[in-house]
Amino acid sequence: MTVQRCIIPVMIVILIMSVPSAYGHGLGFDESIPVVISGKQVSVETTLSPFYIEGVQGGQPVFTVRAHEPATNSTITGTDFRVTVRLQNEVLLDQRFSSSDGLVVANLIPDEIQTAQVNGRPASGEPVQVSQDNPAEVRSRILADGGLYHVAVTLEKTSTGLQLEQDRTFDLYVSISKTQEFEVETQQRPQTISIKTYYADVDNLEYDQNSGRLAFSMLFDWSSQYVSQVQLVHMEVEFPKAIENLQSNGYSGTINGRDLAPGDVLIDDYSYPNTRVVHYVLNSNRLSSIAETAKGNSMDFVLLPTTIPKFPLDLLSTTEKYDWQVAWGPEVIETGVLTTFAMNIQDPATTDLVRNASFDFVLTKEGREVHRQHLSSNQGIFSHEYTFAEPGTYRLAAEKINGGSESAQLDIVVLRGTGPVEPPQQPSGCLIATAAFGSELTPQMQFLRTFRDHYIMQSASGSAFMGTFNTIYYSFSPQVADYERDQPWLQATVKAAIYPLFGILIASEKAFAALGGGEAGTVLAGAVASSLIGAVYVSPAAAAAMIAGKKRVSARVLFVVLFVATGSLAATALALQAASAAALQLAASAFVISAAGAAALAVARLAKAAWTR
């Protein structure tokens, strides 16, 4: 197995190990929760090796059991065991062992026989002497198939190394991976899709060659008692990159009808040159959430290619030294349209940005390099623009990270655009907010970006306002952002000031949805956002000025501002009707400013009245 092919499996192990006091199903290994016996902590563990069925042939499979003290990891000697192994509720082995050194070691001979044999005799209730230097030989169906093995280990009261008043049983669960292959009809020709499962056999696989939808199921117990013991479910779907409608920049996944988060579905373009692997990685919290509504005894998977990926994408470098986070906009990449890539270099262990980072931004198509640019950043935050001239599948890579041999890569799909190549655009993000939160890829910045792209920019009036806003904003924001990055106090201040904006935008989203979107929804959302921004951000300054100057805003002034806002709204409607871009830009901007001003003056007027009482 190459270094690249180890990346995702090792990452899964890291996920398991990162859970404090995590005891539960493991890949080839499991350990029980410690219990107190005779005044000392005792835990039981078991291993099955190798942990994947494909590695059984040509090797020596081994099964081990031991009891130990977790604090010192010392094995408890003089232990008598009863070991029962089940797979899908079928008993594969039921045997008593007596171990002077506390270790049950068994060399396995996987076989389809119905009754297990231990040292050439049928398994029985008679104890078999065993130790590390004197392993038993077990011929059975253990490791004849993959899945979730249930290993029940009983510490018997006859053990000389433990003072047991009665037998104690520990239930352990060990996952052994198995790869299943399914032949499917595609629009090109029949292809093979493989699924690697660690729990149970996949019953079926359905593939829709029109939509690219994949669906399959496996047996799974959704009872709360069982789910509470499962710390991770990991499934791998591998398919040829030649299946065109499965080549996508992202995927949406569901389990029993529940949508999964971006981190639950991972793309691996490293392990094999001609195939892509998509990993389902479901931690205990995700499983518990799904279990609240899941019914039956099966886990139903659906994988669907999406035009718009869920950002950010996390790509580990060659030896997992770096995490290369990537996002881009517009989210659908087309020829002739300028694409802005936002990227971070992080430490995967701490998720901290790597300072003074650098790499080569490389695009290749069909093995031919089409673009390379060296990027460097003191902050570990990068942005790069590129316009694709040809449609197709490209390999996007970060090479020579920090001048070394580390690299990370992802295959992306570029669609054929409908227009000519666009001229260079202004920056696509909020520079001041990005400097405060540290990256365009933070959840806060993704929220602001989503609101802009999915609400404001989806209408003519919203786009017109953003045109005016961008002209003004980008005239000064780069200088402010550069200064802000070196001033922690300013970053903290901007963060605190921005947080109320999230609540305002959520209210605007609801207003947008209330009118079913479109121009009407955009105008209502703009009115709500402008009014609340004026009330929250502008009114304190207006009220302070009025109180300090001992002046008040008359009802006539407030009426005039409201009249301007109403007139601007009417002008916006007329400009939309006339399809006049220049008039729409002026009217929409005037409406936003006057609505914010009216709300600010109204709140300031109330504050002044309350102050003078």
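Amide H to amide H distances under 5 Å link Phe170 with Val153, Thr154, Leu155, where only residues 5 or more positions off or on other chains count and H is placed in the peptide plane.
Are any of the pairs Lys196/Lys310; Lys178/Lys400; Lys241/Lys400; Lys40/Lys295; Lys157/Lys295 more than 32 Å apart by Cα-Cα distance, and if so, which? Pairs exceeding 32 Å: Lys178/Lys400; Lys40/Lys295; Lys157/Lys295.
Taking θ as phi - 60° and the Karplus parameters 6.51, -1.76 and 1.60, the scalar couplings of the range 149-156 work out to 8, 9, 10, 9, 10, 9, 8, 8 Hz in sequence order, x denoting glycine and proline. Taking label positions 7 Å along the Cα-Cβ direction at both Leu515 and Asn274, the computed distance is 5.6 nm, reported to one decimal.
Please give the FRET efficiency for Asn378 paired with Lys241, using the beta carbon to beta carbon distance and R0 = 41 Å, rounded to the nearest 0.05.
Details: r = 37 Å, r/R0 = 0.90.
The value I calculate is 0.65.
Cβ-Cβ distance of Ser224 and Ala497, R₀ of 41 Å, FRET efficiency by 1/(1 + (r/R0)^6): the value works out to about 0.40. Counting only Cβ charges, +1 for Lys and Arg and -1 for Asp and Glu, the dipole size of the range 296-407 around its Cα centre is about 180 debye. Spacing of the modelled spin labels on Thr179 and Ala581, each 7 Å from Cα toward Cβ, amounts to 5.4 nm.
When the trypsin sites (Lys or Arg not before Pro) in the range 269-306 are filtered for DSSP coil states and for at most 15 other beta-carbon atoms within 10 Å of their beta-carbon, the remaining sites are Lys295.
Sorted largest first, the principal axis extents computed over the alpha-carbon atoms of the range 223-323 equal 41, 32, 22 Å. Between Glu292 and Arg416, the modelled labels are 4.7 nm apart [label points 7 Å from Cα along Cα→Cβ]. As a rough guide to protection, the peptides 347-359, 41-53 ranked by mean Cβ packing within 10 Å, highest first, stand as 41-53, 347-359.
Packing order of peptides 103-111, 566-574, highest average first: 103-111, 566-574 (average count of other Cβ atoms within 10 Å over each peptide's residues). Across the range 32-175, counting alpha-carbon atoms alone, Rg and Dmax equal 14.6, 45 Å.
The numbers here are math on the coordinates, done by the rules we state, and not lab data. These numbers were taken from a predicted model, which means no experiment stands behind them. Using ideal geometry, Cβ is built from the backbone for each residue, glycine included, and neighbour counts are taken over all protein chains shown.
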